[in-house]
Structure formats: C-alpha cells, structure tokens
There are 2 protein chains.
Amino acid sequence: MSARRFLVEPAALEGQLVQLPPEEAAHARKVLRLSPGDEVQLIDGRGRRALAVLQSLNKKGAVCRVERVETLEPPRPRLVLCPGLLKAPAMDLLAVKLTELAVDQVRSMLCARSVPRARDATAKRERWQRLAGQALKQCGAARAPQFLAPGPFEEVIKQAPASALRLLLYEEETGLSLAQALVAAPAADEVWALIGPEGGFSEDEAAQAGQAGFVPCGLPHTILRAETASIALASVIRFARG
Amino acid sequence: MSARRFLVEPAALEGQLVQLPPEEAAHARKVLRLSPGDEVQLIDGRGRRALAVLQSLNKKGAVCRVERVETLEPPRPRLVLCPGLLKAPAMDLLAVKLTELAVDQVRSMLCARSVPRARDATAKRERWQRLAGQALKQCGAARAPQFLAPGPFEEVIKQAPASALRLLLYEEETGLSLAQALVAAPAADEVWALIGPEGGFSEDEAAQAGQAGFVPCGLPHTILRAETASIALASVIRFARG
C-alpha cells in the first residue's frame, strides 16, 4: 500500500474531488502504472488521511474521488527535537528519520561548535520539509515534523515551555542516564530535547541550558554521532513506553 | 580525541610497541599531521582500548608505544539483531549505526520478501565488518558487532538460545508493543530481535518465529522503514533502561 500513498495540500481534502499535484500524478501514471478505479491513500502531512479512488489519470493530470477522511491522533508525548546544526547529509538523514519517528517539531540550533553556518536558512528549512514529505509517503506516518529555520542556541532554549520535560543530551553527563531522567518525569505531555553538534555542547551552553530548566542526561555505553543521538533519542521517547 | 583513534589487530595490543596498519599510518601522517610524542588511542574492536604515544612516524609507517590497556565492559543485555537482508545502501547504514549502538551481533536473514539475494555473502559480510571498523574510530564504542553472512530465515531463528528474550517486530501485531514486551521480561541478559525486510515478514514466517519462541510485538504510531526499525529497536534496548 505504501507505494500508493500521495501527498496533497491540506486544503485539498476539504473537497470530494482532489487533483493530485503534477509530480504525484506523473508518478502514479509512469512509475506505479495505476488506472482509474484503483484505490489510493491521500495524506496531507498534518494528520489527515483519505481513502480515495482514482477517477481519471492521463497526461494532463490525475483526479481522485475521496471516499472517507480520517484524522489520526498524534502520538504522545509531543516531541520537539533541537539538534545542533549538522552538515547537509546528516541533516538530510535526520529529516527523513525524524519523520518516520513521528517527531512533532525540529528546531535546529546554531551552537558554539556547529561547523555549518546559517546561510540559506529558508532554503534549508524548505529542503528538510520536502524530504519529510517524501518520507511520509513511504512510512505510513500521518504528519511531517514542522521544521524551523536554524536559530541561535540561546533563542531556541528560551522557547521551551516550563510545562515540558526539557532534556539536554550531554556527553559529559555521566551521573544521570536518559532512562533515569524519563523515570523521574513519567507523565510529560511534551518533551523538548537538545542534542549537540559534532563536538558536543560547550560548557557554557550546558550551563545556560541548565539555567533554562533543561535536565542534563547521557546515553551510556557509547558516544554516538550527533545524528544518531537524535534518532536514538526520538526512538526511546516514541517506543520505550506505551 | 576521536580523530586520533586507530584500529589495530587484537594481537597487536599484546606487545608494548604497535605498528599501525599502513592505511592508518598514512592517515595519521597526511590527514591528522601527527608527530612523534602525540598521544593516540588504539582500539582492537573487541573491547580493548590502549592509551599510547606515537614513537615514530614516517613514510615507512608508524609505531606507537602502549602506555596502558583497558578492557571495557560490554553493555548488557547482549543484543543480537537479525534484520531481513536489505539493499546495499540500507545495509551499509545499518553496519555503521548498529556499531554506534553497541549491537553485539548482526545476523541478516533471507526472508520470503527480501529483494536482494545472497550472492557474494562473504563479500557482503566483509564489507559490513570494514564499515563497522571505520565507524568505531568515530564513535567511542569499544567493540564492533560481529557480522555474519546472510542466512535463511529458518536457520537464523533456530540459533537463538531459549534463555534469550526473543522478539519479533511484526507490523501486523497491534496487541503488544515493544515497550510492553520489555516490561514483561525485564531482566533478560540476552535479546534476539527479528526485523522484517521492506514489505515485512510473511504470515508463515511470523508463525514459524512464534513456534520458535519469539514474542511478536510492534512499534506503535508509525510504520518505519526496515533499517529505521532496526536502529530504533537497538536504541530502545540500549537506552530505555539503566
């Protein structure tokens, strides 16, 4: 079924007939070789999924008739991941994997030890959002994370609400593990997690985050690449309970 | 420090003077521009790590003097991951990420829905082992997983000892989550986990695994790509407790 899932604009699911975006229509016709009458899924990337039937399909485009629309409950807790900005291939991998892992928001941060700079912040954001949309069609998740343009570390940490469980993955932290931090705050409805760039957080950043209410904790046994730490953390938040 | 970590043969750490492999010596000289007297780490990929000092370094090679050798305790539980064989890029990603996540053994399986076939099984195994060695130098893990050549599903599931917690990640399973399966068996000293290829396990395979003592469980909220499921599962086993 995954091959027959198409991403449409949220507004499109308001009507009964939906025109597929040109790229999706071409994919349906040339790659999937679908025909009128075939069942397809339409997702809007924001939690709604429609069962639909392909009504027409030709060089000019594709039109689907919506049979049923359902709104999928977002997983809990709400998860806001804040990775230090990484080089492009690592950020691309994150855009895809954090979509599969149903992360709600990704706020990348410019840290003291971030190598890439914030040039083309809007283009970066748009690229990650596009990669996330492609990933959605493959994975079955109903929502793409919302990607924000990279922002300064100091600004990002201020945005976390006091009601959220705020975690700082910090490799210098050997006292408290992620598991222990989660046991201490089992009912959080929202989690914000800061993950350092390659090279980790500076001592000053760790101190700032601590003052802003972030609990420093570590992943024992090994030192992960920065992108792997983000993926591992999202995995634990999503799958270690429930 | 990660840039100054070198992989050597296990036997090399028996002596006090260690000759770096030619590739490592060239890297130390040309890329890292190290000089005699510089401190380096030597790892054998099997849990031993030596603090050493570079004694000589030239076109002919590099020799280190070992100051101290320590054996790092393996993380518990022992984790044997059995992914359905995937296409080469996905397997390459797994080789790296499962090394970072300190997986002990990787036994890839030829499943009913595996697309790649078992051609060049030895070459595949050697490639993954080499990628794991490179990954070791970048992360701080002390051991590379042991990669086995791909084997038939039926053979792999027979190898799991009865004392191990045996898990089958099965997307048709909506009754029991991974978290619930782990709660039910908290003290396992060894975990074996089967993860399907793209397309998942066949019903017949799921039945066979069940008869062999594997507990079917699912990852709620989303359907992950096969390689992401392996990474997520290893993350949960390694970091959700302790």
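The values are calculated or read from the model by the stated rules, or taken from the named source; none is laboratory data. As the structure is a prediction and not an experimental result, all values here were calculated from the model. We place every Cβ from the backbone using ideal geometry, glycine too, and count neighbours over all the protein chains shown. Surface areas here come from the heavy atoms of the whole protein model, side chains and all, with no ligands, DNA or RNA. Shrake-Rupley method; radii C 1.70, N 1.55, O 1.52, S 1.80 Å.
Okay, here's what the table says:
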quantity: Criterion: in the same structural domain as B:Gln208 (by TED's automatic domain parsing) and part of a helix (DSSP H, G or I) - qualifying residue of B:Val115, B:Val96; calculated: B:Val96
quantity: Matching residues, the range B:151-179, being among the hydroxyl-bearing types (Ser, Thr, Tyr) and under 22 Å from the mean Cα position of the chain (by Cα); calculated: B:Ser163, B:Tyr170
quantity: Filtered residues of the range A:120-158 (kept if part of a strand (DSSP E or B) and of a type in the set (Phe, Trp, Tyr)); calculated: A:Phe147
quantity: Number of positions in the range B:53-78 that are hydrophobic (A, V, I, L, M, F, W, C), touching a helix residue (DSSP H, G or I) at 6+ places or on another chain (Cβ under 9 Å) and closer than 27 Å to B:Leu101 by Cα; calculated: 1
quantity: Hits in the range B:208-224 (condition: surrounded by fewer than 20 Cβ atoms within 10 Å (Cβ to Cβ) and assigned to a loop (DSSP other than H, G, I, E, B)); calculated: B:Ala212, B:Gly213, B:Pro220, B:Ile223
quantity: Qualifying residue in the range A:159-175 (condition: in a helix (DSSP H, G or I) and either touching a residue at least 24 places away in the same chain (Cβ under 8 Å) or among the aliphatic types (A, V, I, L, M) (or both)); calculated: yes
quantity: The range B:98-116, residues that are under 19 Å from B:Leu233 (Cα atoms) and open to solvent by 10 Å² or more (accessible area, probe 1.4 Å); calculated: B:Ala102, B:Asp104, B:Gln105, B:Arg107
quantity: A:Leu176 vs. criteria farther than 13 Å from A:Leu81 by Cα, hydrophobic (A, V, I, L, M, F, W, C), out of contact with any strand residue (DSSP E or B) (no Cβ under 7 Å at 6 or more places or on another chain) and within 13 Å of chain B (Cβ to nearest Cβ); calculated: no
quantity: Residue count, the range A:49-62 (criterion: in a strand (DSSP E or B) and surrounded by fewer than 18 Cβ atoms within 10 Å (Cβ to Cβ)); calculated: 6
quantity: Count of residues meeting criterion [part of a helix (DSSP H, G or I) and open to solvent by 20 Å² or more (accessible area, probe 1.4 Å)] in the range A:183-207; calculated: 5
quantity: Close pairs from the range B:218-240: first more than 7 Å from chain A (Cβ to nearest Cβ) and touching a residue at least 60 places away in the same chain (Cβ under 8 Å), partner open to solvent by less than 10 Å² (accessible area, probe 1.4 Å) and polar (S, T, N, Q), Cβ under 7 Å, at least 6 apart; calculated: none
quantity: Selection count, the range B:1-37, where residues are more than 14 Å from every other protein chain (Cβ to nearest Cβ), open to solvent by 40 Å² or more (accessible area, probe 1.4 Å) and in a loop (DSSP other than H, G, I, E, B); calculated: 8
